[in-house]
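Asker: Let me begin by handing over the structure; questions about it come next.
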Amino acid sequence: MAGKLQKKDLKSIIRDVPDFPKKGIIFKDITTLLKNKEAFKKAVDLLSKKFKKEKIDYVVAVESRGFIFGAAIAYKLNAGFIPVRKKGKLPYKTKSVSYELEYGTDTLEMHEDALSKGAKVLVVDDLLATGGTIRAVCDLVKGQGAKIVAVAFLIELRFLKGSKKLNDVVLYSVIKY
(Lines give C-alpha, C1' and ligand atoms only; values in the text may rest on other atoms or scores of the structure.)
Protein backbone atom coordinates (compact mmCIF):
# COMPACT_ATOMS: atom_id res chain seq x y z
CA MET A 1 0.00 0.00 0.00
CA ALA A 2 1.05 3.55 -0.60
CA GLY A 3 3.06 5.21 2.18
CA LYS A 4 1.29 6.72 5.14
CA LEU A 5 -1.70 8.04 3.20
CA GLN A 6 -5.04 6.73 4.35
CA LYS A 7 -8.25 6.42 2.33
CA LYS A 8 -9.67 9.45 4.16
CA ASP A 9 -6.67 11.55 3.04
CA LEU A 10 -7.49 11.18 -0.65
CA LYS A 11 -10.56 13.40 -0.40
CA SER A 12 -8.48 16.34 0.81
CA ILE A 13 -6.09 16.01 -2.14
CA ILE A 14 -8.83 16.44 -4.76
CA ARG A 15 -9.28 20.06 -5.80
CA ASP A 16 -12.69 21.73 -6.09
CA VAL A 17 -13.04 24.02 -9.10
CA PRO A 18 -16.13 26.23 -8.79
CA ASP A 19 -18.24 27.08 -11.84
CA PHE A 20 -16.64 24.51 -14.16
CA PRO A 21 -17.68 23.53 -16.78
CA LYS A 22 -20.57 25.91 -16.13
CA LYS A 23 -21.81 28.23 -13.40
CA GLY A 24 -23.14 26.44 -10.33
CA ILE A 25 -21.10 23.25 -10.82
CA ILE A 26 -18.28 22.38 -8.43
CA PHE A 27 -15.91 20.23 -10.49
CA LYS A 28 -13.90 17.55 -8.67
CA ASP A 29 -10.43 17.94 -10.22
CA ILE A 30 -8.46 14.72 -9.82
CA THR A 31 -5.28 16.08 -11.44
CA THR A 32 -4.07 17.06 -7.98
CA LEU A 33 -4.44 13.42 -6.89
CA LEU A 34 -2.84 12.07 -10.08
CA LYS A 35 0.30 14.20 -9.72
CA ASN A 36 0.79 13.03 -6.12
CA LYS A 37 2.51 9.65 -6.56
CA GLU A 38 1.47 8.37 -3.13
CA ALA A 39 -2.16 9.43 -3.60
CA PHE A 40 -2.37 7.96 -7.09
CA LYS A 41 -0.87 4.68 -5.90
CA LYS A 42 -3.22 4.58 -2.92
CA ALA A 43 -6.26 5.19 -5.17
CA VAL A 44 -5.23 2.42 -7.59
CA ASP A 45 -4.44 0.07 -4.70
CA LEU A 46 -7.84 0.68 -3.09
CA LEU A 47 -9.71 0.25 -6.37
CA SER A 48 -7.91 -2.98 -7.27
CA LYS A 49 -7.55 -4.61 -3.82
CA LYS A 50 -11.33 -4.92 -3.50
CA PHE A 51 -11.39 -7.22 -6.56
CA LYS A 52 -8.15 -9.23 -6.16
CA LYS A 53 -10.00 -12.48 -5.38
CA GLU A 54 -12.58 -12.10 -8.16
CA LYS A 55 -10.32 -13.38 -10.98
CA ILE A 56 -11.29 -10.51 -13.28
CA ASP A 57 -10.70 -11.25 -16.98
CA TYR A 58 -11.06 -7.68 -18.25
CA VAL A 59 -11.22 -4.15 -16.94
CA VAL A 60 -13.50 -2.02 -19.13
CA ALA A 61 -13.01 1.73 -18.79
CA VAL A 62 -14.45 4.87 -20.31
CA GLU A 63 -12.45 7.64 -21.95
CA SER A 64 -10.76 9.65 -20.90
CA ARG A 65 -10.12 9.75 -17.17
CA GLY A 66 -11.46 6.23 -16.72
CA PHE A 67 -8.51 5.05 -18.82
CA ILE A 68 -6.07 6.42 -16.24
CA PHE A 69 -7.43 4.19 -13.50
CA GLY A 70 -8.66 1.34 -15.67
CA ALA A 71 -5.30 0.50 -17.21
CA ALA A 72 -3.50 0.62 -13.86
CA ILE A 73 -6.16 -1.55 -12.24
CA ALA A 74 -6.03 -4.06 -15.12
CA TYR A 75 -2.28 -4.32 -14.58
CA LYS A 76 -2.71 -4.86 -10.82
CA LEU A 77 -5.40 -7.52 -11.41
CA ASN A 78 -3.49 -9.28 -14.21
CA ALA A 79 -6.45 -8.62 -16.50
CA GLY A 80 -6.90 -7.33 -20.03
CA PHE A 81 -7.90 -3.72 -20.62
CA ILE A 82 -10.83 -2.78 -22.88
CA PRO A 83 -11.33 0.88 -23.86
CA VAL A 84 -14.82 2.27 -24.41
CA ARG A 85 -14.68 5.37 -26.59
CA LYS A 86 -16.89 8.00 -28.10
CA LYS A 87 -18.34 7.24 -31.52
CA GLY A 88 -15.85 7.04 -34.40
CA LYS A 89 -12.67 6.75 -32.30
CA LEU A 90 -12.07 2.97 -32.47
CA PRO A 91 -10.38 1.54 -35.59
CA TYR A 92 -12.21 -1.80 -35.94
CA LYS A 93 -15.83 -2.96 -36.12
CA THR A 94 -17.77 -1.79 -33.09
CA LYS A 95 -20.93 -2.24 -31.09
CA SER A 96 -22.48 1.00 -29.93
CA VAL A 97 -24.99 2.30 -27.43
CA SER A 98 -26.58 5.72 -27.28
CA TYR A 99 -27.68 7.31 -24.04
CA GLU A 100 -29.35 10.47 -22.79
CA LEU A 101 -27.39 13.47 -21.61
CA GLU A 102 -28.76 16.55 -19.88
CA TYR A 103 -29.24 18.13 -23.31
CA GLY A 104 -29.32 15.53 -26.11
CA THR A 105 -27.66 12.15 -26.55
CA ASP A 106 -24.19 10.67 -26.88
CA THR A 107 -22.89 7.36 -28.24
CA LEU A 108 -20.21 5.06 -26.87
CA GLU A 109 -18.50 2.22 -28.71
CA MET A 110 -16.50 -0.92 -27.95
CA HIS A 111 -14.89 -3.31 -30.42
CA GLU A 112 -17.38 -6.02 -31.33
CA ASP A 113 -14.85 -8.73 -30.42
CA ALA A 114 -13.65 -7.12 -27.17
CA LEU A 115 -15.29 -9.55 -24.76
CA SER A 116 -16.14 -13.22 -24.78
CA LYS A 117 -19.31 -14.75 -23.38
CA GLY A 118 -19.00 -15.33 -19.65
CA ALA A 119 -15.89 -13.18 -19.23
CA LYS A 120 -15.67 -11.58 -15.78
CA VAL A 121 -15.55 -7.80 -16.13
CA LEU A 122 -14.83 -4.90 -13.82
CA VAL A 123 -16.15 -1.59 -15.20
CA VAL A 124 -14.11 1.43 -14.06
CA ASP A 125 -14.47 5.20 -14.31
CA ASP A 126 -13.07 8.07 -12.31
CA LEU A 127 -16.41 9.51 -11.22
CA LEU A 128 -20.06 8.50 -10.88
CA ALA A 129 -22.41 11.44 -11.34
CA THR A 130 -25.83 10.80 -12.93
CA GLY A 131 -24.98 7.24 -13.99
CA GLY A 132 -25.91 7.56 -17.68
CA THR A 133 -22.45 6.86 -19.06
CA ILE A 134 -21.77 3.79 -16.94
CA ARG A 135 -25.28 2.47 -17.52
CA ALA A 136 -24.52 2.61 -21.26
CA VAL A 137 -21.17 0.86 -20.74
CA CYS A 138 -22.83 -1.88 -18.69
CA ASP A 139 -25.34 -2.39 -21.51
CA LEU A 140 -22.45 -2.74 -24.01
CA VAL A 141 -20.69 -5.27 -21.78
CA LYS A 142 -23.84 -7.32 -21.19
CA GLY A 143 -24.60 -7.16 -24.91
CA GLN A 144 -21.41 -9.11 -25.54
CA GLY A 145 -22.45 -11.79 -23.05
CA ALA A 146 -19.88 -10.88 -20.41
CA LYS A 147 -20.59 -10.89 -16.67
CA ILE A 148 -20.15 -7.63 -14.76
CA VAL A 149 -18.53 -8.40 -11.41
CA ALA A 150 -18.81 -4.76 -10.31
CA VAL A 151 -18.53 -1.13 -11.32
CA ALA A 152 -15.87 0.86 -9.51
CA PHE A 153 -15.22 4.59 -9.17
CA LEU A 154 -12.68 6.77 -7.43
CA ILE A 155 -15.44 9.31 -6.70
CA GLU A 156 -19.20 9.05 -6.30
CA LEU A 157 -21.35 12.19 -6.17
CA ARG A 158 -24.18 10.61 -4.15
CA PHE A 159 -26.43 13.67 -4.31
CA LEU A 160 -26.84 13.10 -8.08
CA LYS A 161 -28.24 9.60 -7.41
CA GLY A 162 -26.37 7.89 -10.26
CA SER A 163 -26.42 4.61 -8.36
CA LYS A 164 -30.16 4.33 -9.08
CA LYS A 165 -29.32 3.61 -12.74
CA LEU A 166 -26.93 0.86 -11.63
CA ASN A 167 -29.12 -1.11 -9.22
CA ASP A 168 -28.46 -4.36 -11.12
CA VAL A 169 -24.68 -4.33 -10.51
CA VAL A 170 -22.36 -4.23 -7.51
CA LEU A 171 -21.09 -0.69 -7.04
CA TYR A 172 -17.89 0.35 -5.24
CA SER A 173 -16.69 3.91 -4.70
CA VAL A 174 -13.56 4.94 -2.82
CA ILE A 175 -14.61 8.54 -2.10
CA LYS A 176 -18.20 9.71 -1.59
CA TYR A 177 -19.50 13.26 -1.64
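Asker: Could you list, in sequence order, all residues of the stretch 1-31 that are in a loop (DSSP other than H, G, I, E, B) and closer than 18 Å to residue 47 by Cα? Don't jump to the end; show me each part of the working.
Answerer: Applying the first criterion (in a loop (DSSP other than H, G, I, E, B)) to the stretch 1-31 yields 1-6, 14, 19-25, 30.
Result: 1, 2, 3, 4, 5, 6, 14, 30.
Asker: Determine whether residue 57 is among the acidic types (Asp, Glu) and modelled with pLDDT of 95 or more.
Answerer: Numbers: among the acidic types (Asp, Glu): yes; modelled with pLDDT of 95 or more: yes.
Here the answer is yes, as residue 57 does meet what is asked.
Asker: Here is a further query. Which one of 70, 88 is part of a loop (DSSP other than H, G, I, E, B), modelled with pLDDT of 95 or more and either under 15 Å from the mean Cα position of the chain (by Cα) or farther than 21 Å from residue 177 by Cα (or both)?
Answerer: Details: 70 fails: part of a loop (DSSP other than H, G, I, E, B).
When all the criteria are applied, what remains is 88.
Asker: Another question about this same structure. When the residues of the stretch 157-167 are narrowed to those that are of a type outside the set (A, V, I, L, M, F, W, C) and within 19 Å of residue 108 (Cα to Cα), which ends up surrounded by the most Cβ atoms within 10 Å (Cβ to Cβ)?
Answerer: Looking at the filtered set, the residue picked out is 162.
Asker: Moving on to the next point. Hey, could you check the stretch 48-67 for residues that are under 10 Å from the mean Cα position of the chain (by Cα) and touching a residue at least 12 places away in the same chain (Cβ under 8 Å) and say which is surrounded by the most Cβ atoms within 10 Å (Cβ to Cβ)?
Answerer: First pass over the stretch 48-67, keeping only residues under 10 Å from the mean Cα position of the chain (by Cα): 59-67.
Pick out the ones that are also touching a residue at least 12 places away in the same chain (Cβ under 8 Å) and you get 59-63, 65-67.
Numbers: 59: 28, 60: 31, 61: 27, 62: 22, 63: 14, 65: 16, 66: 24, 67: 18.
Ranking the qualifying residues of the stretch 48-67, first place goes to 60.
Asker: Just the residues that are touching a residue at least 24 places away in the same chain (Cβ under 8 Å) and in a loop (DSSP other than H, G, I, E, B), please, taken from the stretch 157-167.
Answerer: Of the stretch 157-167, the ones touching a residue at least 24 places away in the same chain (Cβ under 8 Å) are 157, 160-166.
Those that are touching a residue at least 24 places away in the same chain (Cβ under 8 Å) and in a loop (DSSP other than H, G, I, E, B): 157, 161.
Asker: Those residues that are touching a strand residue (DSSP E or B) at 6+ places or on another chain (Cβ under 7 Å) and farther than 16 Å from residue 66 by Cβ, I need them from the stretch 78-92; list them, please.
Answerer: 87, 92
Asker: Out of the residues in the stretch 102-156 that are outside any strand (DSSP E or B) and charged (D, E, K, R), which is surrounded by the most Cβ atoms within 10 Å (Cβ to Cβ)? Steps first, answer last, please.
Answerer: The first filter runs over the stretch 102-156 and keeps only residues outside any strand (DSSP E or B), leaving 102-103, 112-119, 129-146.
The next check asks that each one be charged (D, E, K, R); those that pass are 102, 112-113, 117, 135, 139, 142.
Numbers: 102: 6, 112: 14, 113: 11, 117: 8, 135: 19, 139: 13, 142: 15.
Restricting to residues being outside any strand (DSSP E or B) and charged (D, E, K, R), the top hit is 135.
The values are calculated or read from the model by the stated rules, or taken from the named source; none is laboratory data. Model, not experiment: these values are computed from the prediction. For neighbour counting, all protein chains shown are included, and Cβ atoms are generated from backbone atoms with ideal geometry for every residue, glycine included.
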